[in-house]
Amino acid sequence: SGHWIWVHAVSVGELLVALKVVGELHRRHPDWRFVISSTTSTAHALALAKQDDWLLPVYTPLDLPWIVRRALDAVRPRAIILTESEMWPNFLWSASD
């Protein structure tokens, strides 16, 4: 329950910024919850260290339509925040539905 926001950060640098942003958003909106995705094992480990009932770290799903759709259906995010400019065409296309 609550408002899920998906934040995508590729590696450690983007993840550190994303954690600051979601921390502040959660402070202002304690009913919001965040899924934070990353692609590197180092960033994922860092996110796991910050895991809480309102913050769920996941690996970025493979950018294949059926995998992305399953991930989005499971999370059902109200918004998606991208912290970098790498293209994830199937993720972006599926999120726009």
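If the condition is being closer than 13 Å to Leu92 by Cβ and either open to solvent by 80 Å² or more (accessible area, probe 1.4 Å) or not β-branched (Val, Ile, Thr) (or both), then segment 52-67 contributes Pro61, Asp63, Pro65. Every condition in (1) out of contact with any His (no Cβ under 7 Å at 6 or more places or on another chain); (2) among the β-branched types (Val, Ile, Thr); (3) crowded, with 19+ Cβ neighbours inside 10 Å is met by Val12 except one, and the failing one is (3).
Give segment 16-49 a look and list any residue that's of a type in the set (D, E, K, R) and modelled with pLDDT under 95, or say none. Within segment 16-49, just Asp31 meets the criteria.
The values are calculated or read from the model by the stated rules, or taken from the named source; none is laboratory data. Note that the coordinates shown come from a computational prediction; the quantities given were computed from them, not determined experimentally. A quick note on method: Cβ atoms are made from the backbone with ideal geometry, for glycine too, and the neighbour counts reach across all protein chains shown. Accessible surface is based on the protein model in full, side chains and every heavy atom, while ligands, DNA and RNA are left aside. Shrake-Rupley method; radii C 1.70, N 1.55, O 1.52, S 1.80 Å.
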